[in-house]
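Following: one structure in structure tokens, then a few remarks.
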Amino acid sequence: MSHQEHLTILEAGRAEKNYWRDLWRYRELFFILAWRDVSVRYKQTVIGVAWAVIRPFLTMVIFTVVFGRVAQLPTEGNAPYALLVFAGMLPWTLFATSLGEASNSLIGNSNLISKVYFPRLIVPTAAVVTAFVDFLISFVLLVGMMIYYQYAPSWNILLLPLFMVLALLASLGPGLLMTALNVKYRDFRYIIPFIVQFGLYVSPVGFSTSVVPAEWRLLYSLNPMVGVIDGFRWCILGADSTVYWPGFYLSLGVTALFLWWGIALFRRMEKSFADLI
């Protein structure tokens with residue numbers, strides 16, 4: 001009878017050296033955490049699924065009245081103003097929900113983090129899945145609005161998944177920053193709602209970026225969500241929407257910068273998470 005030997009290797013820095021490989025090895029944990037977050041959000045709730053539609057819809061109605069009717073800001077091309085707003089509301093809600101879910105994810109999983117080793121990066125990235133499910137539910141409402149307005153999409157819609165990924169990446173960088181800082185400084189949880197609320201009004205959600213003066217558009221594009229929202233509208237509204245490409249590339253660069261910064265800070269503080277939590 002043969003006996004299989006199992007070797008336990010204790011080596012300084014081994015976990016650090018194999019960190020990115022461990023992310024793949026622990027992929028099942030990612031799916032388990034993501035599924036748990038989604039099921040907890042929608043199971044045994046009265047308006048769980050409906051809330052993913054009600055919130056962006058009501059915000060769209062308010063923005064349409066304020067910016068479209070009262071301020072009489074222009075739409076893009078022949079697109080209905082409500083459709084313009086909702087096409088901007090979708091990526092913004094994805095960003096805001098992802099940021100909120102990711103930033104509180106480590107605190108919400110404190111028992112798991114203090115007892116078991118795994119790459120902590122799995123926790124905030126799994127939390128983002130909940131926001132993506134909300135996005136998919138809200139997207140059904142967008143399809144209904146396009147049918148109601150008899151607004152047919154162009155071939156640009158095929159590139160929409162690319163901008164979905166971009167919206168998730170734009171939220172993941174700041175989300176990792178806030179997650180790491182929230183563990184060490186608990187009062188950061190009060191800052192996050194303010195950032196989301198402030199960002200809603202400085203991002204082109206309720207209006208088209210065409211209303212921004214030309215000399216300020218490049219500076220305005222330092223907000224990474226400007227490029228994402230413009231890209232969404234370009235995919236959904238087709239020829240009625242235009243993208244300011246220099247600003248889009250700048251937003252893309254800022255997104256990459258925040259993602260790098262978020263991962264770097266998260267990795268640097270990761271060793272202390274178990275003690276701080």
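The values are calculated or read from the model by the stated rules, or taken from the named source; none is laboratory data. For clarity, every value in this text was computed on a predicted model and none was experimentally measured. Neighbour counts run over all protein chains shown; Cβ positions are idealised from the backbone, glycine included.
Check 64, 93 and return the single one that is out of contact with any Cys (no Cβ under 6 Å at 6 or more places or on another chain), of a type in the set (S, T, N, Q), buried (at least 17 other Cβ atoms within 10 Å of the Cβ) and within 16 Å of residue 226 (Cα to Cα).
Residue meeting the stated conditions: 93.
Working only within region 235-277, note down all residues that are more than 28 Å from residue 210 (Cα to Cα) and either in contact with a strand residue (DSSP E or B) (Cβ under 8 Å, 6 or more places away or on another chain) or hydroxyl-bearing (Ser, Thr, Tyr) (or both).
272
Please determine whether any residue of region 191-204 is in a helix (DSSP H, G or I), more than 17 Å from the chain's Cα centre (by Cα), farther than 25 Å from residue 71 by Cα and touching a residue at least 40 places away in the same chain (Cβ under 8 Å).
no
Which of (1) closer than 28 Å to residue 175 by Cβ; (2) out of contact with any Lys or Arg (no Cβ under 7 Å at 6 or more places or on another chain); (3) of a type in the set (Gly, Ala, Ser) does residue 88 not meet, given it meets every other one?
It fails just one condition, (2).
Check residue 187 against each of (1) over 23 Å from residue 84 (Cβ atoms); (2) surrounded by 15 or more Cβ atoms within 10 Å (Cβ to Cβ); (3) modelled with pLDDT under 85 and name the one condition it does not meet.
Failing condition for residue 187: (2).
All but one of (1) crowded, with 22+ Cβ neighbours inside 10 Å; (2) farther than 28 Å from residue 22 by Cα; (3) charged (D, E, K, R) hold for residue 101; which doesn't?
Exception for residue 101: condition (2).
For the subset of region 213-263 comprising residues that are outside any helix (DSSP H, G or I) and surrounded by fewer than 18 Cβ atoms within 10 Å (Cβ to Cβ), which member is modelled with the highest pLDDT?
222
Name the residues in region 147-161 that are without any contact (Cβ under 8 Å) to a residue 60 or more places away in the chain and within 15 Å of residue 135 (Cα to Cα), would you?
Listed by number, the list holds a single entry, 161.
Scanning for something of a type outside the set (S, T, N, Q), touching a Pro at 6+ places or on another chain (Cβ under 7 Å), under 30 Å from residue 241 (Cα atoms) and part of a helix (DSSP H, G or I), does region 155-162 turn up at least one residue?
Looking for residues that are of a type outside the set (S, T, N, Q), touching a Pro at 6+ places or on another chain (Cβ under 7 Å), under 30 Å from residue 241 (Cα atoms) and part of a helix (DSSP H, G or I), one finds none in region 155-162, hence no.
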